[in-house]
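As C-alpha cells, the structure follows; a few thoughts come after it.
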Amino acid sequence: MTEKRPLTQINKKSPGSDVAAEAAAAMAAASMVFKSSDTTYSDVLLQHAQKLFTFADTYRGLSSETYPKLQDFYNSTGYVDELLWAASWLYHSTGDQTYLSYVTVQNGKTYAEWGRPTWFSWDDKNPGTQVLLSRLNFFGSKQISNAENEGLKSYRDTAEAVICGLIPDSPQATASRTGGGLIWISGWNSLQHATNSAFLALVYSDYMLSTRTAEVQCSGKYYSPTDIRNFAASQANYILGDNPMKLSYLVGYGSNYPQQVHHRGASIPADAKTGCKGFQYLHSPNPNPNVAMGALVGGPFQNDTFVDSRDNAVQTESSTYNSGTLVGLLSGLVTTSSVAQSFT
C-alpha cells in the first residue's frame, strides 16, 4: 500500500480508554500464552498490559469522541466494559487481588450490567468478562473474600443467562435467529454474533465439564454441557456449509465458498501497481485473483440468503473479530480443555 497512512495517538489530553484497555486485555492474555515458552516476552507483555490499564483507567474517555472520524467506522459506545475486561485478564495473569476487587467490589454493580445479558462483540466485552470471571466461581479460591465471591456469583448468573438465551429449546431462547438456526443480530457482519456466542458457550461448557457441573437451569428446564456444546457445533456447522445456501462462509474451506470477498489483498492482482487507484478491481464481476484462505466473510441476511458480490461489503467483508473467535470455537470443538484450572 503506497498511500499515506497517518497515525493518531491517544494520550492524557486525547484519551481512548476503550482502545488502551482492549490492548491491555490482549497483552495480559498473551502473556499467559508465552509464559512457558518465552518468559522474557511474557514479562514485557504483562508490564505493558498493566501500564496500559492504569493509563486507561486514569485518563478516561472514548476514542471515538477524541477522534470523531472513527464514528463512521467503529463507533465505540463505551469503555467501562473494556476496563472490566482488561482487569479480569490482568487478575488471571498476575493473581493480584487488586484487579479482582476492581471488577467485583469496586465496579461490579456500577459497570458490569449484572442480570442483563448482551451480545459479545468488538464493542461489548461484558459477556466475555462474565464467562471469564464465572470460572473463578466454578473453581473457587481460598484467597477470594466473601464480597468478591458475591460479585463473581453475579457474573456467573449473568453468564448463565447468556447461555440460556442461546440454547434453541430453552424457555429463555432468543428469537434472534435465521430459519436455518443461526444466531442473527444485525445485518453488517452477521456472523460475528454467531461465532462469538458459540465460542462463549463452548468455554462455559468446558468449565462445567472440568468441575463436573451437571447442568444449568433455564426457567425450570435443565441443560447439560453436551446440550451447550451441541448449540456451539450447530453454529460452526452452519458456517462451514450446513445452511440453506449450502455455502461455506469460511473462504477456502469446502468446494463452495464466496469468490468475491471484499478484501484488497484478495481482489487486487499481486503484480498490480494501483497507487491510490484500483476501483476497477472493487467493481470487477470476476472472482478474486487471490484466495483469502481462512477468512470468514460477513455472513447471510436474516432470511439465510447471501449475495456474493465484492460491492456488498455488508456480507462479503472479512474481519478479524469474527475470524478470531471462529478459531477458538473450532479448537474447542476438537477437544475439551484439560487445563482450565491452571490460570490462577
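The values are calculated or read from the model by the stated rules, or taken from the named source; none is laboratory data. In this text the structure is predicted, and so the values were computed from the model without any measurement. All Cβ positions, glycine included, derive from the backbone under ideal geometry; neighbour counts span all protein chains shown. Surface accessibility is based on the protein's heavy atoms, side chains included, excluding ligands, DNA and RNA. Shrake-Rupley method; radii C 1.70, N 1.55, O 1.52, S 1.80 Å.
Given C-alpha coordinates of the stretch 213-285, what is the ratio Rg to Rh with the Kirkwood estimate of Rh?
Radius of gyration over Kirkwood radius for the stretch 213-285 works out to 1.29.
Carbon-plus-sulfur fraction of the accessible area of the stretch 232-277, 1.4 Å probe, in percent?
Percent of accessible area from carbon and sulfur atoms in the stretch 232-277: 50.
Over every pair of different alpha-carbon atoms in the stretch 4-45, take the mean of 1/r and invert it; report that Kirkwood radius in Å.
Over the stretch 4-45, the inverse of the mean reciprocal pair distance is 11.9 Å.
³J(HN,Hα) across the stretch 95-109 via Karplus (A = 6.51, B = -1.76, C = 1.60, θ = phi - 60°), whole Hz, x for Gly/Pro?
Ordered by residue, 3J(HN,Hα) equals x, 6, 4, 4, 6, 5, 4, 4, 7, 10, 5, 6, 10, x, 5 Hz.
Tell me the carbon and sulfur percent of the accessible area for the stretch 75-186, rounded to whole percent, probe radius 1.4 Å.
Percent of accessible area from carbon and sulfur atoms in the stretch 75-186: 48.
Given the convex hull over the Cα atoms of the stretch 153-201, what projected area results after averaging over all orientations, in nm²?
One quarter of the hull surface, i.e. the mean projection, equals 3.7 nm².
Calculate the length of the line joining the C-alpha centroid of the stretch 232-267 to that of the stretch 180-215, in whole Å.
Cα centroid to Cα centroid, the span is 19 Å.
Are there trypsin sites (Lys or Arg not before Pro) in the stretch 177-239 that DSSP marks as loop and that have at most 11 other Cβ atoms within 10 Å, and which are they?
Arg212
Under 14 Å Cα-Cα from Lys109, which aspartates and glutamates qualify once same-chain neighbours fewer than 8 residues away are excluded?
Straight-distance partners of Lys109: Asp81, Glu148, Glu150, Asp157.
Treating only the Cβ atoms of Lys and Arg (+1) and Asp and Glu (-1) as charged, compute the dipole magnitude of the chain about its Cα centre; round to the nearest 20 debye.
Dipole of the chain, to the nearest 20 debye: 400 debye.
Would you mind working out the accessible area per residue for the chain, using a 1.4 Å probe, and quoting it in Å²?
On a per-residue basis, the chain sits at 49 Å².
Using only the Cα atoms, work out Rg/Rh for the stretch 66-123, with Rh taken as the Kirkwood radius, to two decimals.
Using only Cα positions, Rg/Rh for the stretch 66-123 is 1.05.
Report the convex hull volume per residue for the stretch 96-200, counting only C-alpha atoms, in Å³.
In the stretch 96-200, the Cα convex hull volume per residue is 108 Å³.
Ignoring the sites themselves, what is the longest stretch of the chain with no GluC sites (Glu not before Pro) in a DSSP loop and at most 14 other beta-carbon atoms within 10 Å?
4-214
Want the number for Ser37 to Asn312: 0.36 nm per residue separation, take away the alpha-carbon distance, what's left?
Between Ser37 and Asn312, full extension yields an extra 94.7 nm.
Rounded to the nearest 500, what is the 222 nm mean residue ellipticity of the chain from helices alone, with -39500 (n - 2.57) per DSSP H run of 4+ residues and division by all residues?
Here the helix-only value at 222 nm equals -14500 deg cm²/dmol.
Taking K and R as +1 and D and E as -1, what net charge do the other residues with C-beta under 14 Å from the C-beta of Ala295 add up to?
Neighbourhood net charge equals 0.
Computed over the Cα atoms of the chain, what is the convex hull's projected area averaged over all directions, in nm²?
18.8 nm²
To the nearest 0.05, what FRET efficiency results for Ser219 and Arg177 with a Förster distance of 25 Å applied to their C-beta separation?
0.85
For the chain, set up a GNM with springs between Cα atoms under 10 Å and report which of Leu152, Leu202, Leu247 has the largest fluctuation.
It is Leu247.
Run the reach check for Lys12 against lysines, Cα to Cα strictly under 24 Å, same-chain hits fewer than 8 apart removed. What comes back?
Straight-distance partners of Lys12: Lys51, Lys69, Lys125.
Positive end of the dipole of the chain, charges at C-beta (+1 Lys, Arg; -1 Asp, Glu), about the Cα centre: which of Ser14, Thr118, Leu100 has its Cα farthest in that direction?
The listed residue farthest towards the positive side: Ser14.
Within 11 Å, Cβ to Cβ, of Val105, how many net charges do the neighbouring residues add up to if Lys/Arg are +1 and Asp/Glu are -1?
Local net charge: -1.
Please work out whether the stretch 221-344 counts as rounded, prolate or oblate from its C-alpha gyration tensor, where a ≥ b ≥ c are the square roots of the eigenvalues and a/c under 1.5 means rounded, while otherwise a/b larger than b/c means prolate and anything else oblate?
Since a/c reaches 1.5 and a/b is larger than b/c, the shape of the stretch 221-344 is classed as prolate.
Quick one: which residues, 5+ away or cross-chain, put their amide H under 5 Å from the amide H of Arg177? H built at 1.01 Å from N.
Close amide H contacts, sequence-distant or interchain: Trp184.
Pull the list of the chain cysteines that no other Cys approaches to under 4.7 Å, Cβ to Cβ.
If one checks each Cβ against the other cysteines of the chain, Cys276 turn up with nothing under 4.7 Å.
So what J values fall out for the stretch 174-186 if you push phi through Karplus, 6.51 cos²θ - 1.76 cosθ + 1.60 with θ = phi - 60°, rounded to Hz, Gly and Pro as x?
For the stretch 174-186, the Karplus-derived couplings read 5, 8, 7, 9, 7, x, x, x, 7, 4, 9, 10, 8 Hz, x marking Gly and Pro.
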